[in-house]
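The block underneath contains the structure these notes are about, expressed in structure tokens.
The values are calculated or read from the model by the stated rules, or taken from the named source; none is laboratory data. Keep in mind that this is a model prediction, so the values were computed, not measured. Cβ atoms come from the backbone with ideal geometry, glycine included; neighbour counts cover every protein chain shown.
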Amino acid sequence: MQRISYFIVSLLVFALPYVNVSAQKTKEFVVVLDAGHGGKDPGAIGSSKRNREKDINLGVVLEIGRLLKANCNDVKVIYTRSTDVFVELDKRANIANKAKADLFVSVHTNALPKGRRQVSGVQSYTLTLKTAETNLEVEKRENSVIQFEENGAQKYSFANPNSSESDIMFELMQDRDMKESVNFAKLTQNEMVRTGGRKDMGVLQANLAVLRLTYMPSVLLEVGYISTPSEERFLLSKSGQTTLAKCIYNAISRYKAQYTGQMSALEKITPEGKGVPEVKNEMAQAVSPNENKDIPEEKNDTNRDNITDGGNDLPVFKIQILASTRKVIEGSREFKGLRTEEIHEGKMYKYTYGSTSDYNEILQIKKSIATKFPKAFIVAFKNGERMETYNAIAEYKAKKNTTKK
């Protein structure tokens, strides 16, 4: 009992500076990029026994950081490591916590034991207390870095999902970040699968120590299997690492836009041996802030909101023009003459313009306000609930094709 009481007091003292993180946000959106393993910890070993996970992870992370720095002047990038050094799990988390990061992204490479059948694909992990049996191998492998740390077994006693301390910590620390972690994981998984052409192995949950220690939305990405020769070649190649980095960068840009209302330019990707899926092309067109800047502003914009509603069986597309932590009064100059709809999500007030179940129509509306709101982007809803825009586009196209028949 004394040990548990000491644990609770220690946890609350350590976590206290981060409880009101959202209230302390600056204008910068802080992203911490974590290249898994490193230094004396090689991570998974490739089929040839020469290639190491730690090098792939670092290559992908550095490229993500380069893209963020080049395209997002409102983002601050922090690395847990930018060279081949060993960083303990708690220190990785502390880097993110002290920076009051908005997002923690840990990049890893998957593997299967020798003799197991070869598989390929990408996975996105968020935190859970109780691990499904099918995810236990990933949990054991990614937590195994503890063996390289001094007193690691004692330091991470809560990594045991059956310990009393684990239950207490989980109850104290799980809240707003869990839902946002899943949100970002879905965005990233869809980018890697739909845009990057990788095989979908799912958005999953596991009791991963590095995620348990961070106090912000956090994900661990398994970007491929180094134990499968064909995927190993992809992961080691410059084009493979660049493709994965662009996918993760695009997901960060989309997530940041949901949070801040500011959309950064997306990277175009042509997966090796495949064309970019048609729906994703349309999505890129819908959200890129650098398009249509020279289109003349239409007159009578203020009469174009709430055009059609499409009924309960169809997605409704809208254009998000603004997001703020404070409520913006109706008729404010920030709306530049447009009549908007307010959506309150958590601590954010988001403002949309236009409403139609016709995707082509919302594209035209977006073009018409491009000079006023060049960074506006399309969002989608169904039955009053927010849905992924690319899913709404796919549903719209399927309905359109059915109607033609």
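Run down Ile56, Ile45, Ile64, Ile95 and say which single residue is touching a strand residue (DSSP E or B) at 6+ places or on another chain (Cβ under 9 Å), on the phi < 0 side of the Ramachandran plot and at pLDDT below 95.
Answer to the selection: Ile45.
Looking at the stretch 358-405 only, could you name the residues that are hydrophobic (A, V, I, L, M, F, W, C), more than 19 Å from Arg254 (Cβ to Cβ) and assigned to a helix (DSSP H, G or I)?
Within the stretch 358-405, Ile365, Ala398 meet the criteria.
Taking interchain pairs and intrachain pairs at least six residues apart, which have beta carbon atoms under 8 angstrom, with the first residue in the stretch 337-356 and in contact (Cβ under 8 Å) with a residue 60 or more places away in the chain and on the phi > 0 side of the Ramachandran plot and the second surrounded by 12 or more Cβ atoms within 10 Å (Cβ to Cβ) and not polar (S, T, N, Q)?
Pairs that qualify, where the first residue is in contact (Cβ under 8 Å) with a residue 60 or more places away in the chain and on the phi > 0 side of the Ramachandran plot and the partner is surrounded by 12 or more Cβ atoms within 10 Å (Cβ to Cβ) and not polar (S, T, N, Q), are Gly346/Arg176.
Pick from Asn97, Asn57, Asn73: which is of a type outside the set (A, V, I, L, M, F, W, C), crowded, with 24+ Cβ neighbours inside 10 Å and either in contact (Cβ under 8 Å) with a residue 12 or more places away in the chain or not in a helix (DSSP H, G or I) (or both)?
Asn57
What are the residues in the stretch 172-222 that are within 22 Å of Ile393 (Cβ to Cβ), of a type in the set (Asp, Glu) and under 15 Å from the mean Cα position of the chain (by Cα), if any?
Glu191
For residues that are among the basic types (Lys, Arg) and under 22 Å from Asp74 (Cα atoms), scanning just the stretch 241-293, find the one that is modelled with the lowest pLDDT.
It comes out as Lys293.
Within the stretch 366-379, can one find any residue that is touching a strand residue (DSSP E or B) at 6+ places or on another chain (Cβ under 6 Å) and without any contact (Cβ under 8 Å) to a residue 60 or more places away in the chain?
There is at least one residue in the stretch 366-379 that is touching a strand residue (DSSP E or B) at 6+ places or on another chain (Cβ under 6 Å) and without any contact (Cβ under 8 Å) to a residue 60 or more places away in the chain.
I'm trying to understand the selection: among the residues of the stretch 210-237, which are farther than 20 Å from Leu58 by Cβ, part of a helix (DSSP H, G or I) and not charged (D, E, K, R)?
Pro229, Ser230
Quick one: which residue in Gly202, Gly240 is at positive phi and either assigned by TED's automatic domain parsing to the domain that holds Arg66 or in a helix (DSSP H, G or I) (or both)?
Criteria check complete, one pass: Gly202.
Give the stretch 322-353 a look and list any residue that's farther than 19 Å from Glu385 by Cβ, at pLDDT 90 or above and outside any loop (DSSP other than H, G, I, E, B), or say none.
Tyr353 - this is the single residue of the stretch 322-353 that is farther than 19 Å from Glu385 by Cβ, at pLDDT 90 or above and outside any loop (DSSP other than H, G, I, E, B).
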